[in-house]
Amino acid sequence: MPETVRPDDFHATTGVEDWRYVFGGIATVFRTGSFAAGVALVDEIGRLADAANHHPDVELRYPTVGVRLATHEVGEVTDRDVALARQISTAARSLDIEADPTATQTMQLTIDALDVAALRPFWQAVLAFDPVDDDELADPLGRWPAIWFQRTDEPRQQRNRVHVDVCVAPEVAQARIDAALAAGGRLVSDEFAPHWWTLADPEGNEVDVATTAGR
């Protein structure tokens, strides 16, 4: 079994200065300067990952490559991640690509909830996310921020000042809405359909299900 590495131990480790420990993973951003250099780095990361049989999340954009490592079978950072992080940094330096760990950021969305069990099915349905544990949902493709439910003791009486917008393909919008309603949600407004529908979970947290239809 891989050995878990805690945040303090990770940042005290040598050879990982390019990386930062954020929300259960280690991550960095490489400033490639060009798309071609980014592709070359991704190719090298792929070679290293296959050799180690340990595969990071990699995001290629112009002019950066973002990399995040975590050991999925244990849901934490382990010595396997540390070893691969060192190899990736070495590969980047060989390509004259600099790391910018200060650009690293991981985000999750937190929803206050009196009854997590009542809210989670709604959000699982409307976002098509997978359950992680009793109080968290995650995108099965790893693209979007996780949803974490924070238990609270008292309801908030005012209307929410922040809500979620999710834009989906027009052909799946109605199915997504139906699933969310079946999971305990309610329709707040369809005034702007098919541009968007506003739904709310059982405690009033709102989400707009939007499409490009009619734009």
Let me have the relative contact order for the chain, percent, based on Cα pairs under 8 Å that are six or more residues apart. 16
Taking the Cα centre of the chain as origin and charging only Cβ (+1 Lys, Arg; -1 Asp, Glu), how large is the dipole, in debye to the nearest 20? 540
Which percent of the accessible heavy-atom area of region 31-129 goes to carbon and sulfur, probe 1.4 angstrom? 49
Part-to-part distance (alpha-carbon centres) for region 162-179 and region 67-137, which is given in Å: 24
Quote the relative contact order of region 71-199 in percent (integer), defining contacts as alpha-carbon pairs under 8 Å separated by 6+ residues. 21
Heavy-atom accessible area with a 1.4 angstrom probe orders T64, T14, most exposed first, as T14, T64
Please compute, for the alpha-carbon atoms of region 28-163, the extent along each of the three principal axes and give them in descending order in Å. 56, 31, 23
Quickly work out the S94-to-D130 label distance, labels modelled 7 Å from Cα along the C-beta direction, and quote it in nm with one decimal. 3.2
Ignoring ligands, DNA and RNA, what accessible area per residue does the chain give at 1.4 Å, in Å²? 57
At A51 and Q157, where each label point lies 7 Å from the Cα along Cα→Cβ, what is the point-to-point distance in nanometres? 6.4
Could you pull out every residue, at least 5 positions away or on a different chain, whose amide H is within less than 5 Å of the one on V188? Hs are placed 1.01 Å off N in the peptide plane, and Pro or chain starts have none. T198, L199, A200
Kindly work out what percent of the DSSP beta bridges joining two residues of region 61-215 are antiparallel, to the nearest 5. 60
Folded to 0 to 90 degrees: helix 35-52 orientation relative to the chain principal axis, Cα: 80
Projected area averaged over all directions for the convex hull of the alpha carbon atoms of region 10-58, nm², comes out at 4.1
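The values are calculated or read from the model by the stated rules, or taken from the named source; none is laboratory data. Quantities reported herein were computed from a predicted structural model and do not represent experimental measurements. Here Cβ is always computed from backbone atoms with ideal geometry, including for glycine, and neighbour counts include all displayed protein chains. Areas reflect the complete protein model, heavy atoms only, side chains present, ligands, DNA and RNA absent. Shrake-Rupley method; radii C 1.70, N 1.55, O 1.52, S 1.80 Å.
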